[in-house]
1. Go through B:Ala80, B:Ala89, B:Ala98 for me and flag whichever is within 12 Å of another protein chain (Cβ to nearest Cβ) and either closer than 18 Å to B:Leu137 by Cβ or at pLDDT below 85 (or both).
2. Looking at B:Gly234, B:Gly215, B:Gly192 in this structure, which one is at the interface with chain A (Cβ under 9 Å from one of its Cβ atoms) and at pLDDT 80 or above?
3. Checking the structure you have, find out if any residue of the range B:39-48 is crowded, with 23+ Cβ neighbours inside 10 Å, away from chain A (no Cβ under 14 Å), aliphatic (A, V, I, L, M) and part of a helix (DSSP H, G or I).
4. Among all residue pairs at least 6 apart or on different chains, which show Cβ distances below 9 Å where the first residue, located in the range A:2-31, is more than 7 Å from chain B (Cβ to nearest Cβ) and of a type in the set (Ser, Thr, Tyr) and the second is outside any loop (DSSP other than H, G, I, E, B) and surrounded by fewer than 15 Cβ atoms within 10 Å (Cβ to Cβ)?
5. For the range A:32-57, which positions are closer than 26 Å to B:Gly194 by Cβ and either more than 7 Å from every other protein chain (Cβ to nearest Cβ) or over 16 Å from the mean Cα position of the chain (by Cα) (or both)?
6. Listed residues A:Gly31, A:Gly51; which is closer than 16 Å to B:Leu231 by Cα and not in a loop (DSSP other than H, G, I, E, B)?
7. Among (1) over 28 Å from B:Asn63 (Cα atoms); (2) at pLDDT below 80, which single condition is B:Val170 missing?
8. What pairs come out if I take residues in the range A:33-50 that are at pLDDT below 95 and pair them with residues that are basic (Lys, Arg) whose C-beta lies under 8 Å away, six or more apart or interchain?
Amino acid sequence: MRFLRAFGQFWYDFLVGDDWKIPIAVLATLGVLVSLLLGDVLGDHALTVLGGVLLMVTFSTSLLIDVRAGRRR
Amino acid sequence: MDAASWGLVTATFLACFVEMVEATTIVMAMGFTRGWRSALAGTAAALGALVVTTAIAGYALANWLPESALQLVIGGLLLAFGLQWLRKAILRSSGRKAMHDEDQIYLDEVEAARAAGTTGSGLDMFGFMVSFKGVFLEGMEVVFIVITFGLNADNVPVAALGAVGAVVLVLVLAVVLRKPLAMIPENTLKYGVGVLLAAFGTFWAVEGIGVFRSGSESLDWPGADLVLIPLIVGWFLLSRVLIRALRLPAVAPGGARLAAQEVGS
């Protein structure tokens, strides 16, 4: 049991790190892109550029949420 | 070597260099306080485990996944590491997180090593385990960076060359100086590597989304590989804007210095 906990903790630290909001931001962005791709809404070029911009926006948002939460503590 | 290969070597060299400096601090603290036999045995065991992990993960990624799925996994992993590195760099540069300090980490490790009880004769398990964990954990990110950059450039040996070069350089510096490598501008290096990983991660993760369409064909960025330049510039400019926006004033109106607000861990 202790080994399993340590194993799980290792992979959590490895993949999620200090801020769980960042992987969520990445997954949410990729999810939006998959929806747009499957809906055939945009072409490749527009979709890739939108993906880059969305990743930057969601990363900034997660960082700002982090800082605001830090201010309240 | 062409420009892409040099870029590959530089990225893996810098990432490995930073992680190796951190691992060396831990091993040195254990070596000087708990004995070099256990510290070096832990280091050797961790390096062996990393080699096995690299071989298995590299084989699995290269042989079991279609190209677009590989790009998605590679990009996702690089974004996971890169954005965490970038987040820390932004918080440190804006004064919201303490700077990474190898000297302080060394002192903390030495204190913990002295506080831990002795284990009698034979291999000192405390020194072994702390050294093993330090090298293995710091090494895992390097392993994935080498595999992902190497596979995508179809040149794992060149990527590994950059990592091995960093390992050798850090070891030589550690042996010559015999103290934590606090003079290395680690915060700046991590910032640079964070920007690179974020840009490459964005490029590959978005390309790999194509795995979900019929035919599993990767998405095309405008300008193909050349779009990496605006992506690197974009992530760098965004980080500068965030640092500026989040920067804490150094001195309060009353004259008292504000303590940095620690964000996260």
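1. Numbers: B:Ala89 fails: either closer than 18 Å to B:Leu137 by Cβ or at pLDDT below 85 (or both); B:Ala98 fails: within 12 Å of another protein chain (Cβ to nearest Cβ).
The match here is B:Ala80.
2. Details: B:Gly215 fails: at the interface with chain A (Cβ under 9 Å from one of its Cβ atoms); B:Gly192 fails: at the interface with chain A (Cβ under 9 Å from one of its Cβ atoms).
When all the criteria are applied, what remains is B:Gly234.
3. Scanning the range B:39-48 turns up at least one residue that is crowded, with 23+ Cβ neighbours inside 10 Å, away from chain A (no Cβ under 14 Å), aliphatic (A, V, I, L, M) and part of a helix (DSSP H, G or I).
4. Final answer for the pair search is A:Thr29/A:Val57.
5. Of everything in the range A:32-57, those that are closer than 26 Å to B:Gly194 by Cβ and either more than 7 Å from every other protein chain (Cβ to nearest Cβ) or over 16 Å from the mean Cα position of the chain (by Cα) (or both) turn out to be A:Val32, A:Leu47, A:Thr48, A:Val49, A:Leu50, A:Val53, A:Leu54, A:Val57.
6. Values: A:Gly31 fails: closer than 16 Å to B:Leu231 by Cα.
It is A:Gly51.
7. Every condition holds for B:Val170 apart from (2).
8. What qualifies is A:Leu37/B:Arg213; A:Leu38/B:Arg213.
The values are calculated or read from the model by the stated rules, or taken from the named source; none is laboratory data. Quantities reported herein were computed from a predicted structural model and do not represent experimental measurements. Cβ sites come from the backbone with ideal geometry, for glycine too, and all protein chains shown count toward neighbours.
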